[in-house]
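Read through the structure below, which is laid out as structure tokens, and then see the notes.
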Amino acid sequence: MNEFTAFLKNRRKVNLAMAAINIVVFIVLEIIGDTSSAPFMLEHGASYAPLVLEGQYWRLFTSMFLHFGFEHLAYNMFSLIFLGDIVETVMGPVRYLIIYLGGGLCGNIVSVLLSMKTGKYAVAAGASGAIFACMGAFLYFALRNRRGFGRGNLQRLGMMVLLMIMQSLVDKGVDNAAHMGGLAAGFILAALLWHPKKRQIRRIDSVSSGQ
């Protein structure tokens, strides 16, 4: 218990709050219904392109905090705790929140636009668009600080991004458009928001090495 408490204390507060909101929402919905049911999730805020296009734009936001079952939640929260902490450490809480929410929204918008183009509609939910936005921001940090980050670390990060993309393509029922939209949005938002001094750039080294 002490180890778990210490772990929580060492986490960045806004990122931890985002994870907590996702978990609380999941628990509440699981108590009152079935989070694996598409109709139930749709009723409680999941995204569905035809409804969004009818004017229910709020679904682009609410769907970011919904998850289809425990495995979906667990995988996303594990990824968020790691990536979100890094982004918040480097950029600070406000800019991290802009990347998380902005990247997630952009990912959902890309998903809806692609659905319009293909005519294939599905109920969508999950924080993965926002998590891929954090990945995009992290990738920007690394590229901006190539020397300090190290070639080996940069290659490992590139491999991690590639593996996440490949997993998205292989897994059935995954919203790849939201992932790629979030990744691109996170990268662009980091480029717009992060204008570090040399001392700030060096902080990435300690963050990425876990010091």
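Things to note:
- Mean sequence separation of contacting Cα pairs (under 8 Å, at least six apart), scaled by the length of segment 6-63, corresponds to a relative contact order of 19 percent.
- By other beta-carbon atoms within 10 Å, ranking F65, F141, F70 with the fewest at the front produces F70, F65, F141.
- Extension gain for A38 to A20 (0.36 nm times residue separation, less C-alpha to C-alpha distance): 4.2 nm.
- Packing-based order for 102-108, 49-55, 83-89, using average beta carbon neighbours within 10 Å, highest first: 102-108, 83-89, 49-55
- Across segment 17-117, the mean sequence separation of Cα contacts (distance under 8 Å, 6 or more residues apart), normalised by length, yields a relative contact order of 30 percent.
Just so you know, all these numbers are worked out from the coordinates, no wet-lab data involved. Quick caveat: nothing in here was measured; it's all calculated off a predicted structure. Note: ideal-geometry Cβ built from the backbone for every residue, glycine included; neighbour counts use all protein chains shown.
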